[in-house]
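Colleague: Just dropping this structure here.
The values are calculated or read from the model by the stated rules, or taken from the named source; none is laboratory data. Computed from a prediction, not measured in an experiment: that's the story for all the values here. Using ideal geometry, Cβ is built from the backbone for each residue, glycine included, and neighbour counts are taken over all protein chains shown.
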Amino acid sequence: MEDMLLLKLGEIVLKGLNRKQFEQKLIANVNRRLKPFGSFNIYCIQSTIYVEPKDEFFDMDAALEAAQTVFGIASISRAAACEKDNDAIFETAKSYLGGEIAAAKSFKVESKRADKRFPMTSIQISQYVGGLLAEEYPDTLVDVHNPELTVHVEVRDLAAYVHGPAIPGAGGMPVGANGRAVSLLSGGIDSPVSTYMIAKRGISIIPVHFFSFPYTSEMAKQKVLDLAGILTKYCGKLMVEIVPFTHIQEEIREKCPEEYFTLIMRRFMMRISQRIAELNGAKALVTGENLGQVASQTMEAMAVTQECISLPVLQPLIGMDKEEIITVARKIGTFKTSILPYEDCCTVFTPRHPKTKPVVADVIEAESVLDIEGLVNEAVAGIERVKLTV
Ligand code: ATP
Ligand code: MG
């Protein structure tokens, strides 16, 4: 009997022509994530990725947990592989799931026969294995309609597999399969969630953080790196771009009307992020904006913020309630870090009365006193890059 994982592909099965590439991307991502936990044979047949240990040195609990964070996988079953033979299947079910069958009130066996050369139909396999298990565990009822436990048997090309109920995978599409985007990552609750959600659509992420030392502390920067570190579980390795933002903010504070501080600052963030995108072949920007949450997140303010760039701005949280965002933040493990109390650069320079319905022409005029190109170039030249691995 062999302990292994069966990973069922999610949406990529819909991908037709690109399917092979998607599968290869996913296999590479699974390989990378599971590497610390053993040496595995990982291959894909019929919309299922097989993860089989090559030797006895593996940690299947940890591998299972890691597999649950890989986008592109719909569900996961930890299974036992055995010879394609009825009695071997029964013996495997007994040793692998016996404890669970004995503890359940009722069970049934459900079989799938992908290998049509196998001499029994799937119903016959279920009846045969189910019959023997019922004799073995007389206190557990057989209930084919509403069983507490379903014992799954799959007869496939290379072997037969026995497993209990599947657990949900991370869903989405394999990271890297759909291109690259620059994600603006603050230390808040929202942007780690927006980053996660876009990565889930198969996008590989370049996180960018605007850092205003000494107005914001090294602790604030470390917090963002910690958040990015948590996100590597889902996004794979990340190169975080830390942009020095102090000079820009001081220039704005000195030379522009206070009511436009935030908007002008956000336009700089967009320009610099677009520049980083161009340098890295990324095709969109990602923000954690959420309609109506703060003054800079009205439709008018967003129009102003985006007017100075041409790349699309993806805002996956735009229609979510704060509670919904927090639920995701808790699920992906970023919430506790996000609520640590370090100032973000936005809060340090927040105007007392920000414009909620700004007019583009007025903002352009207000920022025209600045050397925009020079400030952007200076910030890009000063970028610090921090590499984070999973
Ligand atoms: P968050 O919880 O993500 O900080 P927020 O609700 O505080 O969001 P804002 O401060 O208006 O909203 O920021 C909106 C978005 O702008 C953020 O979600 C993030 O994508 C980006 N952003 C804000 N501050 C920074 C920063 N210092 N570095 C990088 N991106 C930032
Ligand atoms: Mg914020």
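Colleague: Output the residues belonging to region 164-218 that are under 17 Å from the mean Cα position of the chain (by Cα), within 11 Å of ligand 1 (Cβ to nearest atom) and not aliphatic (A, V, I, L, M).
Modeller: Result: SER183, ASP190, SER191, PRO192, SER194, THR195, PRO207.
Colleague: Determine if region 200-214 includes at least one residue that is more than 12 Å from VAL286 (Cα to Cα) and assigned to a helix (DSSP H, G or I).
Modeller: yes
Colleague: Counting only residues that are within 16 Å of ligand 2 (Cβ to nearest atom) and crowded, with 19+ Cβ neighbours inside 10 Å, give me the strands (runs of 3 or more DSSP E) lying completely in region 139-199 with at least 1 of them.
Modeller: The qualifying strands (runs of 3 or more DSSP E) are 180-184.
Colleague: Could you go through region 318-328 and let me know if any residue there is within 16 Å of ligand 2 (Cβ to nearest atom) and of a type in the set (Ser, Thr, Tyr).
Modeller: For region 318-328, residues within 16 Å of ligand 2 (Cβ to nearest atom) and of a type in the set (Ser, Thr, Tyr): absent.
Colleague: Let me confirm something: among SER310, SER338, which residue is modelled with pLDDT of 95 or more and closer than 22 Å to ASN178 by Cβ? Give the derivation first.
Modeller: On the way: SER338 fails: closer than 22 Å to ASN178 by Cβ.
Within the list SER310, SER338, the selection yields SER310.
Colleague: If a residue has to be free of Cβ contacts under 8 Å to residues at least 40 places away in the same chain and within 14 Å of THR150 (Cβ to Cβ) to count, how many in region 104-124 make the cut?
Modeller: Count: 1.
Colleague: Could you tell me whether any residue of region 29-40 is farther than 28 Å from LYS331 by Cβ, assigned by TED's automatic domain parsing to the domain that holds ARG156, crowded, with 17+ Cβ neighbours inside 10 Å and not aliphatic (A, V, I, L, M)?
Modeller: no
Colleague: OK, next. If you go through region 270-298 one residue at a time, how many are in contact (Cβ under 8 Å) with a residue 60 or more places away in the chain, of a type outside the set (S, T, N, Q) and not in a helix (DSSP H, G or I)?
Modeller: Count: 8.
Colleague: Still on this structure: Hey, among the residues in region 243-254 that are within 16 Å of ligand 2 (Cβ to nearest atom) and of a type in the set (A, V, I, L, M, F, W, C), which one's farthest from the chain's Cα centre (by Cα)? Walk me through how you get there before you give the answer.
Modeller: Kept after step one, since they are within 16 Å of ligand 2 (Cβ to nearest atom), are these residues of region 243-254: 243, 245, 249.
Then keep just the ones that are of a type in the set (A, V, I, L, M, F, W, C); that gives 243, 245.
Working: VAL243: 24, PHE245: 28 Å.
Only one residue fits best here, namely PHE245.
Colleague: Go through region 101-113 and report how many residues are buried (at least 17 other Cβ atoms within 10 Å of the Cβ) and part of a helix (DSSP H, G or I).
Modeller: So the count comes out to 1.
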